[in-house]
Each structure stands twice: as structure tokens, then as C-alpha cells.
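> Pasting in a structure now, in C-alpha cells, and then I'll have a few things to ask.
The values are calculated or read from the model by the stated rules, or taken from the named source; none is laboratory data. These numbers were taken from a predicted model, which means no experiment stands behind them. Cβ sites come from the backbone with ideal geometry, for glycine too, and all protein chains shown count toward neighbours.
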Amino acid sequence: MNEDQKKISIVVPLYNEEENVEKLHKEILHVCKDNRYKFEIIFVDDGSTDATFERAKALSPLKIIRLRKNFGQTAAFDAGIKSARYDYIITMDGDCQNDPNDIPLLIKTLEQKNLDIVSGWRKERKDSFMKRFISFGALTFRRFLIKDHIHDSGCSLKIYKKECFNGITLYGEMHRFIPALLMGSGYQVGEIAVNHRPRYRGVSKYNWKRTIKGIVDMIAIAFWHKFASRPLHFLGGLGLLLIFLGFSTGAVTFYNFLIGQGMSETAWPLLTVFFFLAGVQFFVSGLIIDILFRNHYETTQNQAYSIKEIWQNDEPQTT
């Protein structure tokens, strides 16, 4: 094997994509063989209720991770990423809208610019107006919260160095914000325009529930991005501010007492007690969460999904 030969793992989550699975596998296989990659293709069947798994079993080379039920796209990505063996991990959707022919471009950009992650940008999207409108709103909100300079976090076509996922477990709709999460850890992130195609066959799995989950996860990522290493900086700072306000209102209360104003005639004593107790509570909560976060860094996280079986078909790869 050539020492310069690229070693890639392609991870694709599938949910009821029986009409797309064969075409997608054929396209990926064609790109990998034409570019003489050492590769593995990992399809993660996310609890499909159609013939996705049965059709995939007939394809080779292919590794199939079958989840016990539909845990969601992020969980499927996590299962596939944890199973990946090679230097570069490439993720993409299973609906054939991402173009496997962009894989060489992703690898070239990653290496030439010395990046850790390259995210695809569907600059000319082939989606419905409503889907593009919602994505635009999410982009505006994300730029306000996260500021990761990524135009299209929802594009699943990305390439990562394998080490990016050391000690990371994905959950919720977090796969959309992996670049932002990794950027906060010091990894170098880039973006490049990629081809986006109309859905080949089947029905889109996108719905309003995923939008709500994505917004919630976006807020969580924004907090993690800024305060993951020391949550005490946020909660403790807020607590000290409230304690300061408590001392300030206490001073006003004491002054009113000195001039003979009745304490039952003013709200200052209640404000003093409220600010002081709330400040102490926030500060103590910050200390506790800080300890929990430290424990998080020293222990492994539980998986949010369950694997039913792993099926693998192999054939000799052309090198």
C-alpha cells in the first residue's frame, strides 16, 4: 500500500431510505475506487421500518450498524463515528442530496489549509422554500449565539480528523454544531461550497420537532462554548452580582432605618434578603456544577442509543 494513500471512513445514517441506499453506496464506492483510497463505508440503520437494512445487506464492501429503534440522526452519527477506523471521517446524509464526488475536494481542502474539520456549504440549496426559510432563521440565531462563521451548519457533508472525537459523545441535534463545539476546544475549522442535489427518492425526515430540538441544543452549545471549562465563571459571577445588589439595597434599608422610616412601609428589606439569598444560591450552584463538570472530564459518557447488531460485507479493495 502506498504510504501517501488516503485512509477514509464514510459514515452515513439511514432512516427509511430503501430507495436511496443502493444508489448512494454505488456512488461512494465509485469515488473511493477512482481515487484509490483505502476506505470503509459505514451505514447506520437508525431503526428503519422499511427494507433499508435488507437492501443494504446485499451491498459490499459495507459495514452496517443497526440501532434497535429510531434514536435520531445525531445518535446514528455518533455510533458510526465511534466505529470508524481510519484517519479521516467523512459524514453525509443518506438521501443522496450530498454528492460523494465532493469527497476529494473536502480532503484536499483539509490538507492544503492544515485544518481539522471542513464543513460543506450548500450554497445553492435544492430544498423547499419553507425549509430554506427556517434554515435562514436558524443561521441568524446561531450567528448571534455561537459566532462560528459557518454558513451552513445543517449540511451533513463534512470531513474530520479522527482525533476530533476523542472523548466526545453526540446527543440531541448536536451533529449540526460539531464544528462550533470543536472550535471551542481549539480545533481549526474551515468551510467550502459543495454540490447539493434534489432528493432522489423517498420523503424528507425534516420536521418542526427537529427545529425545536436544534434551537435548544444551539443554546446549550453556546453555553458550553463559553463556560464549559469553568461554569463557575458564569453562575458565580451572576451570584456575586446579586450579592452586591443585596448589600446595596441593605445599605439603603439601613439608611432608611437611621432616618426613622418604618421597615413595613418599604420593599427594601425584602429586596435585600432576596438578592442576598439568590446570590448565595447561584454562587453555590456554580461551585457544585463546576465539580460535576470536572467529574465529567474524568469519566466516560453513557451512549444515548443501543446497537442491535453489526453486519459487515467485505471484498478486496483495489489499491
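> For F53, which of the numbered conditions (1) touching an Asp or Glu at 6+ places or on another chain (Cβ under 9 Å); (2) buried (at least 22 other Cβ atoms within 10 Å of the Cβ) fails to hold?
Just one mismatch for F53, condition (2).
> Name the one entry in F77, F53 that is part of a helix (DSSP H, G or I) and touching a Lys or Arg at 6+ places or on another chain (Cβ under 7 Å).
Answer to the selection: F53.
> Can I ask one more? Inside segment 171-202, can you point out the residues that are in a loop (DSSP other than H, G, I, E, B) and modelled with pLDDT of 80 or more?
G186, Y187, Q188, V194, N195, R197, P198
> Ok, one more. Filter segment 60-93 down to residues that are acidic (D, E) and crowded, with 22+ Cβ neighbours inside 10 Å, then give me how many there are.
Going residue by residue through segment 60-93, those that are acidic (D, E) are 78, 87, 93.
Now narrow it down to the ones that are crowded, with 22+ Cβ neighbours inside 10 Å: 78.
Residues meeting the conditions: 1.
> Continuing with the same structure: Can you tell me which of K161, K113, K205, K213 is surrounded by 15 or more Cβ atoms within 10 Å (Cβ to Cβ), out of contact with any helix residue (DSSP H, G or I) (no Cβ under 7 Å at 6 or more places or on another chain), basic (K, R) and modelled with pLDDT of 85 or more?
K161 is the lone residue from the list that is surrounded by 15 or more Cβ atoms within 10 Å (Cβ to Cβ), out of contact with any helix residue (DSSP H, G or I) (no Cβ under 7 Å at 6 or more places or on another chain), basic (K, R) and modelled with pLDDT of 85 or more.
> Hey, another quick one. Which one is farthest from A76 (Cα to Cα), of the residues in segment 15-49 that are among the basic types (K, R) and not in a loop (DSSP other than H, G, I, E, B)? I'd like the intermediate steps shown before the answer.
Looking only at segment 15-49, we keep the residues that are among the basic types (K, R), and these are 23, 26, 33, 36, 38.
Narrowing further to those that are not in a loop (DSSP other than H, G, I, E, B): 23, 26, 33, 38.
Numbers: K23: 20, K26: 21, K33: 25, K38: 23 Å.
Among residues in segment 15-49 that are among the basic types (K, R) and not in a loop (DSSP other than H, G, I, E, B), the one farthest from A76 (Cα to Cα) is K33.
> Is it true that some residue in segment 24-43 is within 26 Å of the chain's Cα centre (by Cα) and farther than 17 Å from P100 by Cβ?
No: zero hits.
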